[in-house]
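Heads up, the thing below is written out as structure tokens.
The values are calculated or read from the model by the stated rules, or taken from the named source; none is laboratory data. Bear in mind the structure is a predicted one, so any value in this text is a computation, not a measurement. In this analysis, Cβ positions are derived from the backbone assuming ideal geometry, glycine residues included, and neighbour counts consider all displayed protein chains.
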Amino acid sequence: MPATSPPTVRMKQPPFPADSAATTIVPGTAARDTATRLDRPKPTPARRRRWRGCMVGGAVGDALGAPVEFKSLDEMRAELGPGGVHGYLPAFGRYGAITDDTQMAMFTAEGLLRAYACSAVTGTVDVPSVVGHAYLRWLHTQRESATIAPALDGWLVREKALFASRVPGVTVIDALRARTSFGERPRNTSKGCGGAMRVAPVGLWCARLDEGMSPDRIAKHAFELGADTAALTHGHPTGQLAAGYVAALVALLALELPLHDALGRATAILVRRPGHAETMAAVEHARKLAAAGEPRAEFVARLGEGWVAEEAVAIAVYCTLAAADFDAGVRLAVNHDGDSDSTGAIAGNLLGTLHGIESIPTRFTNGLELVEVLAGLADDLATFPAWPIGQFQPATDASAWWLDRYPPH
Ligand SMILES: [Mg+2]
């Protein structure tokens, strides 16, 4: 054997670095999707780019931050140069690995779509309970169980790659394990960022469900539902309101409002909620820093480390405001001492919704774990009101397919 034989490659290699200006539309799910033979509604191009941008963008930020969640900025700069993290590094045995943040965002999306199926078929639904039920399917993927057993049906829980432990938050695991009903509130006072990091699909869902209503009404619905889904695991008002704020922002950006307008409207909703002071102060600080000049890691550090919800959301808002594009924004959001995967995930959600899927460089979409599943969920969140299901709809192959994909409970 020649002395120069290459070493054994254990991890998937990252894709060849592409020009950061290159763009892509993430491939669809058609190859593995039997429903394309049925009348599967297609998202409009305008929705597809923002909905996929949100779901895929969040996962990109999560995957960029995952390897450095527990590293300081000084350590990152010493290892990687003054720019710190700028591409995927190995984590969990591969490049482009997502964490619990994205896993739970996917189950948030699944729960919301099943809630819609439930209301379409039965005429009634308690949305947070159905989302709470979905979180118990996620708990099952973590090989944990609650007092109450979830229904292990629908397509998402059949995705084998989701059965992977990616350092999930203790608060969330404990709150879900103690569950005796699907909609039960936890007995904790946590304001960790676990509610905000998974909430973006609520904004997309409300933007589609309430289409035709005013942006402010849609954002208010997203805010309230986002806070209610965070309340499934986090007992502190700030953990809930910061999540509501993100959901409202995503809804407004999905509706194509300009960023500053969206921030103003989301803030106007926040200020009317009791217990808003902490979240409001953090978000206002982010807006002031963004107005103070060029994006800087030192400004991110002034906002905190992102372990608690108001800091994580403030960092995401700062990066979205300060950065010129998606690439710069998510890098800014993960290069700090704190909870890099969660701040990356929330910033990625906001930046992806704002700039669209085509703004995400191919070096991030290529090799991203579960990217096709994320794109599929985004498309379902963009089309669900057009599904052929409902109390007064005939049972067809297409309706059976949708109700198997998203069983109405
Ligand atoms: Mg995580």
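Filter the range 149-200 down to the residues that are more than 13 Å from the ligand (Cβ to nearest atom) and basic (Lys, Arg), then identify the one that is nearest to Glu278 (Cα to Cα).
Lys191
Quick check on this structure: which one of Leu403, Leu370, Leu351 is on the phi < 0 side of the Ramachandran plot and within 15 Å of the chain's Cα centre (by Cα)?
Leu351
Check whether at least one residue in the range 143-161 is modelled with pLDDT of 95 or more and among the polar types (S, T, N, Q), and report yes or no.
For the range 143-161, residues modelled with pLDDT of 95 or more and among the polar types (S, T, N, Q): absent.
Mind listing just one residue for me: the one in the range 50-92 that is among the aromatic types (Phe, Trp, Tyr) and within 16 Å of the ligand (Cβ to nearest atom) and, of those, surrounded by the most Cβ atoms within 10 Å (Cβ to Cβ)?
The qualifying residue surrounded by the most Cβ atoms within 10 Å (Cβ to Cβ) is Tyr88.
Gly264 - would you say it is free of Cβ contacts under 8 Å to residues at least 24 places away in the same chain and on the phi > 0 side of the Ramachandran plot?
Answer is no for this residue.
I'm told Leu225 meets every condition in (1) away from the ligand (no atom under 16 Å from the Cβ); (2) surrounded by fewer than 22 Cβ atoms within 10 Å (Cβ to Cβ) except one. Can you identify the failing condition by its number?
(2)
Which number in (1) of a type in the set (Lys, Arg); (2) over 25 Å from Arg265 (Cα atoms); (3) assigned to a helix (DSSP H, G or I) marks the one condition that Arg208 misses?
Only one criterion in (1) of a type in the set (Lys, Arg); (2) over 25 Å from Arg265 (Cα atoms); (3) assigned to a helix (DSSP H, G or I) is unmet by Arg208, namely (2).
Filter the range 225-258 down to residues that are β-branched (Val, Ile, Thr) and assigned to a helix (DSSP H, G or I) and give me whichever is nearest to Tyr116 (Cα to Cα).
Thr229
Look at Leu252 and say whether it is under 22 Å from Arg49 (Cα atoms), of a type outside the set (Ser, Thr, Tyr) and at pLDDT 95 or above.
yes
Confirm whether Asn349 is over 17 Å from Arg40 (Cβ atoms), crowded, with 24+ Cβ neighbours inside 10 Å and within 15 Å of the ligand (Cβ to nearest atom). Working first, answer last.
On the way: over 17 Å from Arg40 (Cβ atoms): yes; crowded, with 24+ Cβ neighbours inside 10 Å: yes; within 15 Å of the ligand (Cβ to nearest atom): yes.
Yes; evaluated as a whole, the condition is true for this residue.
Residues to consider are Ala322, Ala314, Ala347; find the one that is closer than 25 Å to Phe92 by Cα and modelled with pLDDT of 95 or more.
Just one listed residue meets the conditions, Ala347.
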